[in-house]
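This report concerns only the one structure given below.
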Amino acid sequence: MSDLRLKYWEIAPQGMAKMRELEHYVNAESGLDHGLLELVRLRASLLNGCEYCVEMHSAKLKKLNELAERIACVADWRSSTAYTKRERAALSWTEAVTNIQDGHAPETVYEEVLAVFSERETVDLTLAITTINAWNRLAISLGKHSNRGETP
């Protein structure tokens with residue numbers, strides 16, 4: 001059985017283009033560090049169980065010369081001292097936003113984010129988390145998107 005259910009990038013090219021536009025905004029216009037964004041994307045993908053995206057974002061972190069230890073520890077980042085206060089806040093916010101079904105994003109986590117990110121950065125970080133969650137859900141529900149020629 002194929003891992004691909006639908007070629008969603010061909011079936012709904014306008015929708016996929018809008019997803020890529022938002023991804024472009026986050027990457028090129030938000031001003032957020034690319035390493036931080038990839039750590040967030042990796043953490044969300046791990047939480048969602050999207051193996052394709054886990055592999056892709058791990059590879060992107062390697063290309064950004066991220067230390068192998070930091071990539072490997074993302075799943076258990078709380079017990080590691082390898083992350084900055086800003087990265088820790090972003091990873092915590094990623095978990096809160098990704099696992100929103102567990103309840104609303106806790107005020108303490110929100111305050112932690114606002115302590116190290118501006119309001120604009122917080123919105124942009126939340127857009128990055130929202131986008132990777134959408135990509136994860138597309139890949140998991142409709143099949144891997146490795147055949148679409150582009151990666152989020």
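The values are calculated or read from the model by the stated rules, or taken from the named source; none is laboratory data. Values in this document were obtained by computation on a predicted structure and should not be read as measured data. Here the Cβ is made from the backbone with ideal geometry for all residues, glycine too, and neighbour counts use every protein chain on show.
Summary of computed values
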read-out: Test: residue in region 60-78 that is within 26 Å of TYR8 (Cα to Cα) and out of contact with any helix residue (DSSP H, G or I) (no Cβ under 8 Å at 6 or more places or on another chain); value: no
read-out: Total residues in region 12-54, condition assigned to a helix (DSSP H, G or I), under 24 Å from ALA82 (Cα atoms) and over 14 Å from the mean Cα position of the chain (by Cα); value: 0
read-out: Some residue of region 107-121 being at pLDDT below 95 and within 17 Å of LEU37 (Cα to Cα); value: no
read-out: Qualifying residue in region 69-84 (condition: of a type in the set (Val, Ile, Thr), surrounded by fewer than 12 Cβ atoms within 10 Å (Cβ to Cβ) and out of contact with any Phe, Trp or Tyr (no Cβ under 6 Å at 6 or more places or on another chain)); value: yes
read-out: Condition met for GLU66 (of a type in the set (D, E, K, R) and either loosely packed, with under 12 Cβ neighbours inside 10 Å or part of a helix (DSSP H, G or I) (or both)); value: no
read-out: Subset tally (residues that are closer than 22 Å to HIS24 by Cα and assigned to a helix (DSSP H, G or I)) for region 100-139; value: 21
read-out: Odd one out for ILE71 among (1) in contact (Cβ under 8 Å) with a residue 60 or more places away in the chain; (2) among the aliphatic types (A, V, I, L, M); (3) outside any loop (DSSP other than H, G, I, E, B); value: (1)
read-out: Cβ pairs under 6 Å, 6+ apart, first in region 131-152 and over 15 Å from LEU46 (Cα atoms), second small (Gly, Ala, Ser) and at pLDDT 80 or above; value: HIS145/ALA139
read-out: Test: residue in region 123-132 that is modelled with pLDDT of 95 or more, surrounded by 12 or more Cβ atoms within 10 Å (Cβ to Cβ), under 26 Å from ASP76 (Cβ atoms) and of a type in the set (Gly, Ala, Ser); value: yes
read-out: Residue that is more than 14 Å from the chain's Cα centre (by Cα) and free of Cβ contacts under 8 Å to residues at least 24 places away in the same chain, where the choices are SER92, SER80; value: SER80
